[in-house]
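A.B. asks: First the structure, then my questions, so here it is.
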Amino acid sequence: MLLATVVLLPFLLMLLPAAFERLRLPPALGAGLVTLAAAAPLAWLGPEVAAGHTILFAVPWVPSLGLEVAFRLDGLALLFVGLILGIGLLVVLYAHYYLSDEDRNGRFFAYLLAFMGAMLGIVTSDNLLLLVVFWELTSITSFLLIGFWRGAAEARQGARLALLVTGAGGLALLAGVLFIGDIVGSYSLGAVLAAGDLIRADPRYPLVLTLVLLGAFTKSAQFPFHFWLPHAMAAPTPVSAYLHSATMVKAGIFLLMRLWPALAGTEAWFWSVSTVGLVTMLFASYVALFKHDLKGLLAYSTVSQLGLIMLLLGLGTPYAELAAVFHLINHAVFKASLFMAAGIIDHETGSRDMRRLSGLARYMPITAALATVAAASMAGVPLLNGFLSKEMFFAETIEVTQWWSWVLPAAATLGGLFSVAYSVRFVHDVFFGGPAEGLPRKPHEPPRFMRVPVEILVVICLLVGLAPGLMIEPTLRLAVGALLQGPLPEFSLKIWHGFNLPLLMSFVATGGGIALYFARRYLWALHDERTGWLSGKQITESALDSLRAGASLLAGTLERGGLRLSLLAFLGASVAAGVLAFGATWPVATVGPGAVPGTVWVAVLVLVLGTLATVVYHRERMVAVIALGVVGLVVSLAFVKFSAPDLALTQLLVEVSTVLLFLLAMYFLPERSPRDCSDLRRGVDALIGLAAGGGVGLLTWAMLVAPRETISSFFLEAAKPEGGGYNVVNVILVDFRALDTLGEITVLGIAALGVVAMLDRIRLPERALDWQGNPWAAQQHSLMLQVISRPLLPVALIVSLYLLLRGHNLPGGGFIGGLVTGAAIIIQYLAWGTAWVEAKLPLRHLALAASGIALAVLTGAAAFVFGAPFLTSTFGYFTGPVVGRFELASAMVFDVGVYLTVVGIVLAILAGIGRQHGTAERT
Amino acid sequence: MNHLLVAPLLLPLAGGALALLVRGLAAERIVGVMTSIALLAVAIMLFGVAADGAAATYDVGDWPVPYGITLVLDRLSATLLLVTAVLAVAVAVYSLGGADRRGRHFHALLQFQLLGVNGAFLTGDLFNLFVFFEVLLIASYALLMHDSRPERTLAAIHVVVLNLVGSVLFLVAVGCIYSAAGSLNFADLAERAASLPPDRQGLWRAGGWLLLIVFALKAALLPLGFWLPGAYAAADGAVAALFAILTKVGVVAILRTGTLMFGDLGLGPVLFALALMTLGLGAAGMLAARRLGGLAAHAVIVSVGTLLVSASLFSAAGLAAATYYLMHGTLATALLFLLADRIAAVRGAAGDRLEAAVAIRGRAALPVAFVLAAVATVGLPPTGGFVAKVAVLEAATEAGRAAAVFPVLLLVSLLSIVALARAGSTLFWKAGPGVGEDTEPLQVGGKAAAGFGIGLLLLAVGLLAVFAGPALEHAEATAAQLLDADGYVQAVRASNLARGGH
Amino acid sequence: MEALFAFGIGVLVAAGVYLSLRPRLFSVLLGVTLLSYAVNLFLLASGGLMAGSAPLTNQPGPWPDPLPQALVLTAIVISFGMTAFLIVLALRAVSERGHDHVDGRDTGDER
């Protein structure tokens, strides 16, 4: 439980600095308190771990996936936790003085705390999936921290670059972890570490190793994934000191240390890890020589030192692991202090350029002394901590037999040489030499407490260097023991081992490095003549740019292909799927070709001609509409022929309304469509049309020639006895499948609503001349139409009501009745004009439609009263005065609702468009 | 008879009608929000009902199966009703901040849209599904055009025409299926499918595949999804957030019909391949997007692709991952749309275009919400998106498809990270001269409303992450139930038995 | 008879699809209408074709399959609503751009 507190406290109290800010207290104080609070439990936990126990904590999160919130604190984790919290506290203190007033706010420290928590999570995670969770969290928080000074383009770009590279690594790690989980059967670290042999023997081992290494290398900025780190230097220096020297970049190394029992020990591990480490170490330390920016030099130096540690990890022997851990600690200490010193220099002088800085020892002697000690540790000067771990490194390179026996030590010496060179440069160019000219600020010592963190770290360098056995050996034993999960190698942390090869290598490195330093200008001159470095950042960014351009092209072409492309894709897919799916299984024809009466032939002929006319003349809009009407008529006749009277009536009335709609709209549309298409396009479209037509035709034929048994027999039998009507279709509509009808009238209502809304404030051009150039008649309304329409309305109303009422037993029903009424009223509009009709017949069309829907719903809901489901109908027989015995079904009330809705929407839509004729502008 | 099952249909219908009848924006708002909250309460209760075990059914009109229309509430429909309801409340409340004033009848249309969506999830009848699809479509068209802005017209034309042709195909499919099997009820069709005479199988298969294509159109699966980015990006932000559920209707229809009736048609491999390609196109679109709205629209495509990659495995693990991801993805993409809307309003003339414009000062909540939304959309930890991604990857490994799924899914994730990081950096970090003029200045109440809407979605996404364990278990039960076609049939038939019928 | 019926539907579908692919919304409207005629006939056919009867049980049988007829009726009405919506969309397009090209480009000769 306490363990969980250590990790989760920074997250939970992330906003405390912001709260402090509100209270006019320094947010850094809040952050510092949280860090201390998180460290407090270690007072109890630490000794336990030191005594050899491993502390575990587990709470399930997603059991189905094997992901649980599990933490483990052993020697290795304790070491890292100590580093994270310890250096974190120092960084908080430092940041308080480094950041300007507006920057040192709650937001910065919140991000910092979040990062701290994520980092703690990585090192204490006992579940590999959980580790990945925290891994990605560090990427996200580091993104926010690097881009903190958002105004600068380098900060933004640096942040995105870091996110891209470490994010990609994180995803690779996820894949690797998933495979490990699949091999081992669990993500729990205990199980994984014990299953090392299983993992190494699995055929997927190389893949797993590659993926995990990708994750580690990207996070720890190893070649060739190193390029994000120098660009991350755009972050505020406290961030660089914390993330990019001491903690986040160490995460990759931690991962490999943690997974060492599971993955290491194979040839693949040896060659891949050590090679990458070696190349990185040499490459980065070489490049560091050429950096003129303080932080740039330190960045490449960090990359190089990490390469060194990686190389040690790769060598795989327990002694090498020990050296790796030791150097990791030392590096964290001296590098953080160096970054802070660089920050101090920057803060107090306003410049980070080593070509401009000079002789600062005069102005800030204490800082100079501190920086010199730290740099000396970095260079491997005896009596400092860096020397000890470097010696161990040198010693181990000699022991290794797999490389040609001299390559490794030579490379190590070279690396050491470079590091001496750039360390000397750091100190000598900045602090010694003549006074600096033209610096933005007058250099002086920083505030007392800004220097304190550096002082503490440097003191540690000294103490560990002077008395390693006392200071560091217990920690080292603990951590390495946890890493190896086995016995520790023989080692001694004496300062003096006698004159041996490692010492010789150190001498050579030191001497050569100093010499190189003095020759630096020649080197720079040499370098400047060549073309610039291959910038990893540029490669990445141009790759991203081309990717984006390609994506734009792809997405753009497809999506701007217009309606046609979507339609073609859809139609193509349907035809293909339909044909392929249907296959070659034709139904056995049981209905033979009967005799076809002559009328049918005529009808089909008219249909085909009408359709062709519509197609051929589709650009002559008036002609096309007439042809369409003819086709619709034939369809109605087809319904009549094939025993569907209700359909025929509905089709006819809808046809009339649709044609009316077309005519009303055509007034505003251009009278002809221009010739818009190439012949090729028309050919393709025609082909698709024929394919679709053929397909559907064949399907129809397949449907028709074989009989089927359907559920309809029920409807036919039950319509009268249970539904109360002889017209089975109507009974189905308003009773058996009333929900469909309810949905349908809702569609109508919404359509009308949409139409009315769209017509609102529409500005349509009106014409003074018709298609042939004749002016419109001055008289708006036809006298003939007025004469006819007068008696038409009452007659139509009666007819429609009759159709409505008889619908349950004879062709008719709510739709048909409603359409008749609607049409009749529309004729009134045509004859008399909108204003006149609406004065005489003030109907709120949409309200009428809504009331129809409401009536239908209420009818359905009435069933609740009787405990029956929605839309259950009932019917009974009544005797009335004149009509005698008649039958009433509740479904008929439903039908009335349908009737009202249809009237309402027909009026709303047609009158709505018609109204535009009066109000349109004359052009 | 538990009338609760028909409440998800009646509530929005009544609420929508009422919202039309009352006068004044305030009254409309009250009706709209109250109805949505009531819907949420109903959805929660129905969720409880479904969690018990077998599916619950409701015979509309009290006609025996398969002659009437039956509503079926199983775990899948209950889950989707819940997600829809949460979305509805969030959007309804968010719109109080001003989005519902941009056009007419926003709240009424919102409710009608919900009617269509809920009906599509609940129905157990093929033609009824068609009708509810049409309700959903016409409501979405009306919502798209409800504020009558010129930039929407073209997108609306595309969507309407495409879906009209789609509806024609739907009916062709219905005709084929009815002719082949003689019924329209899902459960009945599932039973009849097993004993179809060989000469009817051609029609049956054709019908099944044609249905798949229609549903794929709705779900914006490649190569039928080109319409989506244009339509969603053209829509008003709050409307687009609501549209987030529409593609899922298509996906659920595919799952429902695929597991019940068309299991032998070999839909799986084709869906799988198409889903992978959809992922690729979605990622490309996210990279290339020039507006945050466009980015979010392509995020929808990516989420549909991920969903179908997992679901097309038609395995228990795959369907479970898909169900969980469906919950998370819908809410996350809706969140992104709402944020895009808010950001556009705050940035004035620059809208939500991804270019350096005025600084968004003094609003700490917006960037934080954006970061959270981005992390959730991409599927980075600790959000549910990460859990979902891991679940999908594990399901793929189990099905032996890891080689295809891993690279695509992980690459798409990386590209989404790049796209969203760039968007966030441009919108929030890169500031041009001047400070943003709020085109829709909110009073305190309005700001609270918008914040509440966004906050609700954030909360929902967060809860899905924290309670990922129980949620994933629920998803597994849903998947198991989905794969148990016989169970569905029996549950539907059970109402007949209770009635004393056959 | 069946072959003729299928032929008729095929012609309608072919014409409808061709017109739907045209670049002017008006022509698309024509095409969509033809398609809906076709699919209505198609649905009717799914129940089998029976001439000279009616689904009225107070008259002697045999009766045609009433269920597809109900479906067609619903479909006819729904497409009427959709068509109306589309027509008004076309009017909006004209009022905003002056033409009814489906992609908003009013070019003379477009490829």
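A.B. asks: In segment A:117-139, is there at least one residue being assigned to a helix (DSSP H, G or I), open to solvent by 20 Å² or more (accessible area, probe 1.4 Å) and either touching a helix residue (DSSP H, G or I) at 6+ places or on another chain (Cβ under 9 Å) or touching a residue at least 12 places away in the same chain (Cβ under 8 Å) (or both)?
C.D. replies: yes
A.B. asks: Also, I was wondering about something else. Would you check which residues across segment A:170-188 are more than 10 Å from every other protein chain (Cβ to nearest Cβ), part of a helix (DSSP H, G or I) and either buried (at least 22 other Cβ atoms within 10 Å of the Cβ) or in contact (Cβ under 8 Å) with a residue 60 or more places away in the chain (or both) and list them?
C.D. replies: Across segment A:170-188, the qualifying residues are A:LEU173, A:GLY176, A:ILE180.
A.B. asks: Residues to consider are A:LYS295, A:LYS219; find the one that is among the basic types (Lys, Arg) and touching a Gly at 6+ places or on another chain (Cβ under 6 Å). Break it down stepwise before answering.
C.D. replies: Details: A:LYS295 fails: touching a Gly at 6+ places or on another chain (Cβ under 6 Å).
None of the other options fit; the residue is A:LYS219.
A.B. asks: Here is a follow-up. Say whether the condition of being within 14 Å of chain A (Cβ to nearest Cβ) and either hydroxyl-bearing (Ser, Thr, Tyr) or within 22 Å of A:VAL747 (Cβ to Cβ) (or both) is met by at least one residue in segment B:37-53.
C.D. replies: No, every residue in segment B:37-53 fails to be within 14 Å of chain A (Cβ to nearest Cβ) and either hydroxyl-bearing (Ser, Thr, Tyr) or within 22 Å of A:VAL747 (Cβ to Cβ) (or both).
A.B. asks: Is it true that some residue in segment B:16-29 is without any contact (Cβ under 8 Å) to a residue 40 or more places away in the chain and within 25 Å of the chain's Cα centre (by Cα)?
C.D. replies: Within segment B:16-29, none of the residues are without any contact (Cβ under 8 Å) to a residue 40 or more places away in the chain and within 25 Å of the chain's Cα centre (by Cα).
A.B. asks: Within segment A:550-584, which residues are farther than 20 Å from B:ALA156 by Cα, surrounded by fewer than 19 Cβ atoms within 10 Å (Cβ to Cβ), at the interface with chain B (Cβ under 7 Å from one of its Cβ atoms) and at pLDDT 80 or above?
C.D. replies: Answer for segment A:550-584, where residues must be farther than 20 Å from B:ALA156 by Cα, surrounded by fewer than 19 Cβ atoms within 10 Å (Cβ to Cβ), at the interface with chain B (Cβ under 7 Å from one of its Cβ atoms) and at pLDDT 80 or above: A:SER552, A:LEU554.
A.B. asks: So which residues in segment A:660-714 are within 7 Å of chain C (Cβ to nearest Cβ) and of a type in the set (Gly, Ala, Ser)?
C.D. replies: Across segment A:660-714, the qualifying residues are A:ALA665, A:SER673, A:SER678, A:ALA686, A:GLY689, A:ALA692, A:GLY693, A:GLY694, A:GLY697, A:SER712.
Residue-wise test of (1) among the β-branched types (Val, Ile, Thr); (2) open to solvent by 10 Å² or more (accessible area, probe 1.4 Å).
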| site | (1), (2) |
| --- | --- |
| C:GLY8 | no, no |
| C:LEU19 | no, no |
| C:LEU34 | no, no |
| C:ALA45 | no, no |
| C:GLN59 | no, yes |
| C:GLN69 | no, no |
| C:LEU73 | no, no |
| C:ILE78 | yes, no |
| C:ARG97 | no, yes |
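A.B. asks: Can you tell me how many residues within segment A:17-39 are open to solvent by 50 Å² or more (accessible area, probe 1.4 Å) and among the hydrophobic types (A, V, I, L, M, F, W, C)?
C.D. replies: Matching residues across segment A:17-39 total 5.
A.B. asks: Between B:LEU10, B:LEU82, B:LEU18, which is in a helix (DSSP H, G or I), at pLDDT below 90 and open to solvent by 10 Å² or more (accessible area, probe 1.4 Å)? Quick ask: steps written out before the conclusion?
C.D. replies: Working: B:LEU10 fails: at pLDDT below 90; B:LEU82 fails: at pLDDT below 90.
Checking each option against the conditions leaves just B:LEU18.
A.B. asks: Answer yes or no as to whether A:PHE662 is closer than 17 Å to C:VAL32 by Cβ, aromatic (Phe, Trp, Tyr) and touching a residue at least 12 places away in the same chain (Cβ under 8 Å).
C.D. replies: Numbers: closer than 17 Å to C:VAL32 by Cβ: yes; aromatic (Phe, Trp, Tyr): yes; touching a residue at least 12 places away in the same chain (Cβ under 8 Å): yes.
Criteria met by A:PHE662.
A.B. asks: Okay, moving on. Among C:SER79, C:SER46, which is the only one that is within 7 Å of chain A (Cβ to nearest Cβ) and among the hydroxyl-bearing types (Ser, Thr, Tyr)?
C.D. replies: On the way: C:SER79 fails: within 7 Å of chain A (Cβ to nearest Cβ).
Among C:SER79, C:SER46, only C:SER46 is within 7 Å of chain A (Cβ to nearest Cβ) and among the hydroxyl-bearing types (Ser, Thr, Tyr).
A.B. asks: Assess whether A:PHE217 counts as being closer than 24 Å to A:LYS250 by Cβ, under 26 Å from the mean Cα position of the chain (by Cα), of a type in the set (Phe, Trp, Tyr) and surrounded by 19 or more Cβ atoms within 10 Å (Cβ to Cβ).
C.D. replies: Working: closer than 24 Å to A:LYS250 by Cβ: yes; under 26 Å from the mean Cα position of the chain (by Cα): yes; of a type in the set (Phe, Trp, Tyr): yes; surrounded by 19 or more Cβ atoms within 10 Å (Cβ to Cβ): yes.
So A:PHE217 passes the test.
A.B. asks: Same structure again: Open to solvent by 10 Å² or more (accessible area, probe 1.4 Å) and at the interface with another protein chain (Cβ under 7 Å from one of its Cβ atoms): does that describe C:ALA51?
C.D. replies: Working: open to solvent by 10 Å² or more (accessible area, probe 1.4 Å): yes; at the interface with another protein chain (Cβ under 7 Å from one of its Cβ atoms): yes.
Here the answer is yes, as C:ALA51 does meet what is asked.
A.B. asks: For segment B:248-283, enumerate the residues that are aliphatic (A, V, I, L, M) and without any contact (Cβ under 8 Å) to a residue 60 or more places away in the chain.
C.D. replies: Of all residues in segment B:248-283, those aliphatic (A, V, I, L, M) come to B:249, B:251-255, B:260-261, B:265, B:267, B:270-271, B:273-277, B:279, B:281, B:283.
Selection gives B:ILE254, B:LEU267, B:VAL270, B:LEU271, B:ALA273, B:LEU274, B:ALA275, B:MET277, B:LEU281.
A.B. asks: Still on this structure: Does B:PHE130 satisfy the condition of being open to solvent by 10 Å² or more (accessible area, probe 1.4 Å), facing chain A (nearest Cβ under 10 Å) and within 24 Å of C:LEU71 (Cβ to Cβ)?
C.D. replies: On the way: open to solvent by 10 Å² or more (accessible area, probe 1.4 Å): no; facing chain A (nearest Cβ under 10 Å): yes; within 24 Å of C:LEU71 (Cβ to Cβ): yes.
Criteria not met by B:PHE130.
A.B. asks: Report yes if A:HIS226 is open to solvent by 30 Å² or more (accessible area, probe 1.4 Å) and modelled with pLDDT under 90, otherwise no.
C.D. replies: On the way: open to solvent by 30 Å² or more (accessible area, probe 1.4 Å): no; modelled with pLDDT under 90: yes.
Here the answer is no, as A:HIS226 does not meet what is asked.
A.B. asks: So, one more: Kindly state which helices (runs of 4 or more DSSP H) lie completely within segment A:249-295 and contain at least 3 residues that are small (Gly, Ala, Ser). Explain how you work it out, then say what you get.
C.D. replies: Details: elements: A:250-258, A:260-263, A:267-288.
By residue number, A:267-288.
A.B. asks: Which members of segment C:62-74 meet the condition of being touching an Asp or Glu at 6+ places or on another chain (Cβ under 9 Å) and more than 7 Å from chain A (Cβ to nearest Cβ)?
C.D. replies: Within segment C:62-74, C:LEU71 is the sole residue that qualifies.
The values are calculated or read from the model by the stated rules, or taken from the named source; none is laboratory data. Remember, predicted model here, so these are calculated numbers, not experimental data. Note: ideal-geometry Cβ built from the backbone for every residue, glycine included; neighbour counts use all protein chains shown. The area values use the complete protein model at the heavy-atom level, side chains included, leaving out ligands, DNA and RNA. Shrake-Rupley method; radii C 1.70, N 1.55, O 1.52, S 1.80 Å.
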